[in-house]
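These notes are about the structure you will find just below.
The values are calculated or read from the model by the stated rules, or taken from the named source; none is laboratory data. It should be emphasised that the depicted structure is a prediction, and the values quoted were computed from it without experimental measurement. Cβ placement follows ideal geometry from the backbone for every residue including glycine, while neighbour counts extend to all protein chains displayed. Note: areas computed on protein heavy atoms with side chains; ligands, DNA, RNA excluded. Shrake-Rupley method; radii C 1.70, N 1.55, O 1.52, S 1.80 Å.
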Amino acid sequence: MLPSPLTQIFHPDVSMKGIRLFMKRDDLIHPEVSGNKWRKLLPFLEAFQESGKSELLSLGGAYSNHIAALAAAGRMLQVPTVGIIRGDAVSAENATLTAARANGMKLKFVERSVYRQRNEADWLAELQSAHPHAFVIPEGGSDPLALTGVAGIVEELGQEFDILATPCGTGTTLAGLLCAVLPDVQVWGFSALKGDKNLGSRVQSFIERSPEKAVIPRWQVWDAYHFGGFARWTPELIDFIRSFRQHTGILLDPVYTSKMMYGLFDLIRKDVVPPGSRVLAIHTGGLQGWNGFRERFGIRIP
Ligand SMILES: *Cc1c(COP(=O)(O)O)cnc(C)c1O
């Protein structure tokens, strides 16, 4: 569903500060190809059409939202897909990869030590020669090409905000927003990783390589809301997700959007978000991640 809906969030912690908080519901774009993964895939799918290649190939971890999205998109577009998965075939039984396979994706497993070379030119050249008909999409859709897809979020808005907030993994979504918003908007990224020292420089280099580069607005990365690291959690986070759902009816994912909203509410409480601001948080999707949480930790959707 595009454009994705814009929902106002009514919550006492927010209204107390005279803040108007909205959420861009990219989680509702599609049940499987949700959120920023769809936004980031779009420009690649267009480039694929022009490429003369006949299949789509990408890489990811065993619970990757990106792999889930690519498999579902391939099924919809009737294009064969290949997933290069970090780890061994034991993980092939998990919900994410079972769904990917059901969507027709061919899976290949590579050891962690090998997977580490995924951004090296030699390794990529080898991958391409092993799959000559494949159009290769980098892990997580992390490429300057993806920025134009993310810009769609801003194009759909039609109103102004003081602060935009997004969760960050690779930082591609943050960079895409930075290239698209007006210069007087602040853009905040909430890192889902612990101690990711390179996030800032990755965002910077995306912006520099972007054809859309114009005046870049002020931006900031918040890195203290990772709850122990990528895909880690605490009971406090799960309680927050439950309470947010009770107040708003909106389900957050356990890896990205819940940590962003927890952080944003913390910054609202501490008046780091200036009282009276208009704030937009991007619900980047990722709800398929709950399947992995149920399997790994026995946590059901709160
Ligand atoms: C992948 C993902 C992100 C991170 O996006 P980046 O562009 O890699 O920073 C955020 N939210 C969700 C739900 C995701 O699946």
Practice problem: Any residue in the range 157-185 that's free of Cβ contacts under 8 Å to residues at least 40 places away in the same chain: show its pairings with residues that are near the ligand (Cβ under 8 Å from one of its atoms) at Cβ separation under 6 Å, as long as the two are six or more apart or on different chains. | Solution: THR170/GLY140; THR170/SER142
Exercise. Report, by residue number, each residue of the range 88-109 that is hydrophobic (A, V, I, L, M, F, W, C) and more than 19 Å from ASN65 (Cβ to Cβ).
Key: ALA89, VAL90
Quiz item: Can you name the residue in the range 171-189 that is within 9 Å of the ligand (Cβ to nearest atom) and touching a strand residue (DSSP E or B) at 6+ places or on another chain (Cβ under 6 Å) and is also farthest from GLY152 (Cα to Cα) among such residues?
Solution: GLY189
Quiz item: Out of the residues in the range 6-37 that are within 24 Å of GLN288 (Cβ to Cβ) and among the hydroxyl-bearing types (Ser, Thr, Tyr), which is most open to solvent (accessible area, probe 1.4 Å)?
Solution: THR7
Quiz item: Taking ALA134 and the conditions (1) open to solvent by 20 Å² or more (accessible area, probe 1.4 Å); (2) under 23 Å from LEU70 (Cα atoms); (3) of a type in the set (A, V, I, L, M); (4) more than 16 Å from the ligand (Cβ to nearest atom), which numbered condition does it fall short on, given that it satisfies the others?
Solution: (1)
Quiz item: For the range 243-274, which residues satisfy the criterion of being over 18 Å from GLY292 (Cα atoms) and open to solvent by 30 Å² or more (accessible area, probe 1.4 Å)?
Solution: SER243, ARG245, GLN246, HIS247, THR248, GLY249, TYR262, ARG269, LYS270, ASP271, VAL272, PRO274
Quiz item: Pick from VAL203, VAL215, VAL272: which is within 14 Å of the ligand (Cβ to nearest atom) and without any contact (Cβ under 8 Å) to a residue 40 or more places away in the chain?
Solution: VAL203
Quiz item: If you go through the range 144-174 one residue at a time, how many are more than 12 Å from the chain's Cα centre (by Cα), within 24 Å of GLU46 (Cβ to Cβ) and surrounded by 24 or more Cβ atoms within 10 Å (Cβ to Cβ)?
Solution: 2
Quiz item: When you look at PRO3, is it surrounded by 13 or more Cβ atoms within 10 Å (Cβ to Cβ), touching a residue at least 40 places away in the same chain (Cβ under 8 Å) and more than 16 Å from the ligand (Cβ to nearest atom), yes or no?
Solution: yes
Exercise. Output the residues belonging to the range 152-162 that are of a type in the set (A, V, I, L, M, F, W, C) and away from the ligand (no atom under 13 Å from the Cβ).
Key: VAL154, LEU157, PHE161
Quiz item: Within the range 59-66, can one find any residue that is of a type outside the set (Gly, Ala, Ser) and free of Cβ contacts under 8 Å to residues at least 40 places away in the same chain?
Solution: no
Self-check item: Conditions (1) in contact (Cβ under 8 Å) with a residue 40 or more places away in the chain; (2) in contact with a Pro (Cβ under 8 Å, 6 or more places away or on another chain); number of the one not met by ASN119
Solution: (1)
Self-check item: The one condition in (1) touching an Asp or Glu at 6+ places or on another chain (Cβ under 8 Å); (2) away from the ligand (no atom under 14 Å from the Cβ) that LEU147 fails to fulfil
Solution: (2)
Exercise. Please specify each residue of the range 257-295 satisfying the condition of being under 21 Å from the mean Cα position of the chain (by Cα) and basic (Lys, Arg).
Key: LYS259, ARG294
